[in-house]
Structure formats: structure tokens, C-alpha cells
Amino acid sequence: MEITTTVSETRSLIRQWKKEGMTIGLVPTMGFLHEGHASLIKKCREENDKVVVSVFVNPTQFGENEDLEAYPRDFHRDMALCEEMDADLVFHPEPEEMYQDACTFINITDLSDNLCGKTRPTHFKGVCTVVGKLFNIVTPDNAYFGQKDAQQLAIIKKMVMDLNFDVRIVGCPIIREEDGLAKSSRNTYLNERERTAALCLSKAVKRGQEVIAKGCNSNDVLQEMNEIIEKEPLAKVDYISIVDALTLQPVEYVERPVLAAMAVYIGRTRLIDNFIYGEEPAEQ
């Protein structure tokens, strides 16, 4: 496994692989890798000749007073997981390498206006910009993203379509702990009491799936999910919404594939979870 830190050396290696007719898969990450990331790397390994994992805590997707400095980092552990999962290249640049004096960014409208974008208005501008840069640097044939970040996945698919990136986007299922909590690097922020409290998210997901399968309007599902979250004293709802799975616009009745998504503060830690009901959106 090789490690690169600059755009030029990464491009040089990718060009050589392309000359040899190799297919390239990319797994973009912010590091502090866990089993969820491992599942993306595994899928990438199955479908590509070469596997590239980017490990980069992207400053432009953090808003003011968010957890950029506190975001967990453990590059040595990340490298061990990447080696175990048989990655070929880890791209680990510094912020100065990725942005320098950049004044060009990728913004997206509509899909970023609600859900996480409502309370994090600059977040997806940073996500789209860094992912767009990674696509230009790595020129992957396929790129892999987790369904836990459902709004991000929908936005990346739309960006690829709108800007004609020549890459196939693959969404991969949420990976959960044995007790149901969705895997997240931010789970490490939780103390023992908060970790137990955080199970209200997966319980709300399960209840939402049960209710929506019976056939009802969105408000009925949201009410049931809200009740579970509100019973937990340490939980504070940021949002719980049901939206069209493609457009991310609110829907009153479940008549087509929908995304039920939530962001909930457990203490000071913001966690997200979701489920899709109906046929999942096709890969881009």
C-alpha cells in the first residue's frame, strides 16, 4: 500500500495505473475509520483493480463553532485498517495542498436547503468542493459513499449529473453496532450514559419503518419517531423529516420512495440516522 500527500504524486501514480488499463475506485473519508468505512473499502475492492482511500479532514465543510479542531484523528489506525482491507493507495493531503489560495467552490441549491443543510448552510458547499477536487485528482471510475449520510449521497449524485463527472456513484448500506447505533466517527464523543441514550435514534428508525409499512401520511410517522426521541432526556431534536428520496423535498403522503432522516443532539454531540422506504434511488 502506498501513501501520497500531494496532488502531483497522486496523479502520477493514477496515470500509470490508467496506462496499464486498471479501473480505479475511490472511497473519500475524513479518517478515524471504522467498520462503516471498511464496508465501503470492501465494496470498492470487489469492483475495481485499484482502491484509493482519501483521508482528509476537510475544513470547508465545517461551519463556525463546529468541531473541526476536535474532530477525531488517528492516522496510524486508519492505515492499519486500509492495509487490512487491501487498499492500494491512501491520499492524505494537508489543507494547504488541497486549497492553497482557492477562491473557487462548488455550490448546490435546492437539495441543500433542508435537512442538515438547514442548520449547516455552508456544509454541502464544502462537501461538493472537496469531492469535486478528489474526482479531478483521482479520476475514479467508481466512488463509494455511505447511506448514513443520505443527503450527502443524493447531493453528490446530483452534482455528478449536473457537472458531467465521468464517475459512477455507489451508495452502500448503513453499518450499525450490535445494539443498532449507526457507526460514526463522532460516536467517540459520547460518554457511557450518552452512548446508551443515543440508541433512541435507531429505535426511532425501527419504529418509523414499522409505521410507514402500514401505509399512512408522513405526519403519523414523524409523530411516532418524535415521541421516541422526546422520551430520552439527553436528546434534543435538530430535525426529523420525510422527504422525496431524489429531490429531498418534503412529502405529505408516502406515494413514492422517501427518505426518513433525522439529526439529534445527544448532549453536545450531533448524530444522524435515516432509512429509505420504497425502491431505493438507482446508482448514478
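The values are calculated or read from the model by the stated rules, or taken from the named source; none is laboratory data. Quick caveat, the model's predicted, so the values are computed rather than measured. Quick reminder, even Gly has a Cβ in these numbers, built from the backbone with ideal geometry, and neighbours come from all protein chains shown.
Can you find a residue in region 163-177 that is of a type in the set (Phe, Trp, Tyr) and assigned by TED's automatic domain parsing to the domain that holds residue 41? Steps first, answer last, please.
Step one: filter region 163-177 for residues of a type in the set (Phe, Trp, Tyr), giving 165.
Going one step further and asking which of them are assigned by TED's automatic domain parsing to the domain that holds residue 41, we end up with 165.
Yes: one or more hits.
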List, please: which pairs have Cβ atoms under 7 Å, are six or more places apart or on different chains, and start with a residue in region 196-218 that is more than 11 Å from residue 181 (Cα to Cα) and end with one that is of a type in the set (D, E, K, R)?
207/224; 208/224; 211/220; 211/224; 217/252; 218/252
Looking only at residues in region 232-247 that are assigned to a strand (DSSP E or B) and touching a residue at least 60 places away in the same chain (Cβ under 8 Å), which one is surrounded by the fewest Cβ atoms within 10 Å (Cβ to Cβ)?
239
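Matching residues to (1) hydrophobic (A, V, I, L, M, F, W, C); (2) in a strand (DSSP E or B); (3) out of contact with any helix residue (DSSP H, G or I) (no Cβ under 6 Å at 6 or more places or on another chain):
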position: 135; (1), (2), (3): yes, no, yes
position: 140; (1), (2), (3): no, no, yes
position: 151; (1), (2), (3): no, no, no
position: 154; (1), (2), (3): yes, no, yes
position: 160; (1), (2), (3): yes, no, yes
position: 166; (1), (2), (3): no, no, yes
position: 169; (1), (2), (3): yes, yes, no
position: 174; (1), (2), (3): yes, no, yes
position: 178; (1), (2), (3): no, no, yes
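Has region 101-121 got any residue that is among the basic types (Lys, Arg) and either on the phi > 0 side of the Ramachandran plot or in a loop (DSSP other than H, G, I, E, B) (or both)? Show your work before the answer.
From region 101-121, those among the basic types (Lys, Arg) are 118, 120; that's our starting set.
When the remaining residues are screened for being either on the phi > 0 side of the Ramachandran plot or in a loop (DSSP other than H, G, I, E, B) (or both), the result is 120.
For region 101-121, residues among the basic types (Lys, Arg) and either on the phi > 0 side of the Ramachandran plot or in a loop (DSSP other than H, G, I, E, B) (or both): present.
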For region 1-41, enumerate the residues that are under 20 Å from the mean Cα position of the chain (by Cα), in a loop (DSSP other than H, G, I, E, B) and either of a type in the set (Gly, Ala, Ser) or not assigned by TED's automatic domain parsing to the domain that holds residue 90 (or both).
31
Of all residues being more than 30 Å from residue 160 (Cβ to Cβ) and of a type in the set (Val, Ile, Thr) in region 189-220, which is surrounded by the most Cβ atoms within 10 Å (Cβ to Cβ)? Just the residue, please.
211
Within region 120-130, which residues are touching a helix residue (DSSP H, G or I) at 6+ places or on another chain (Cβ under 6 Å) and either hydrophobic (A, V, I, L, M, F, W, C) or not assigned by TED's automatic domain parsing to the domain that holds residue 109 (or both)?
124, 127, 128
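Quick check on my filter: what residues within region 160-175 are of a type outside the set (Gly, Ala, Ser) and under 14 Å from the mean Cα position of the chain (by Cα)? Before the answer, list the steps.
Looking only at region 160-175, we keep the residues that are of a type outside the set (Gly, Ala, Ser), and these are 160-170, 172-175.
Result: 169, 170, 172, 173, 174, 175.
Is it fair to say residue 14 is among the aliphatic types (A, V, I, L, M) and surrounded by fewer than 21 Cβ atoms within 10 Å (Cβ to Cβ)?
On the way: among the aliphatic types (A, V, I, L, M): yes; surrounded by fewer than 21 Cβ atoms within 10 Å (Cβ to Cβ): no.
Taking the combined requirement at face value, the residue does not satisfy it.
Here's the yes/no breakdown for (1) more than 20 Å from the chain's Cα centre (by Cα); (2) of a type in the set (D, E, K, R); (3) outside the structural domain of residue 29 (by TED's automatic domain parsing):
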position: 141; (1), (2), (3): no, yes, no
position: 157; (1), (2), (3): no, yes, no
position: 191; (1), (2), (3): yes, no, yes
position: 201; (1), (2), (3): no, no, yes
position: 205; (1), (2), (3): no, no, yes
position: 209; (1), (2), (3): yes, no, yes
position: 218; (1), (2), (3): yes, no, yes
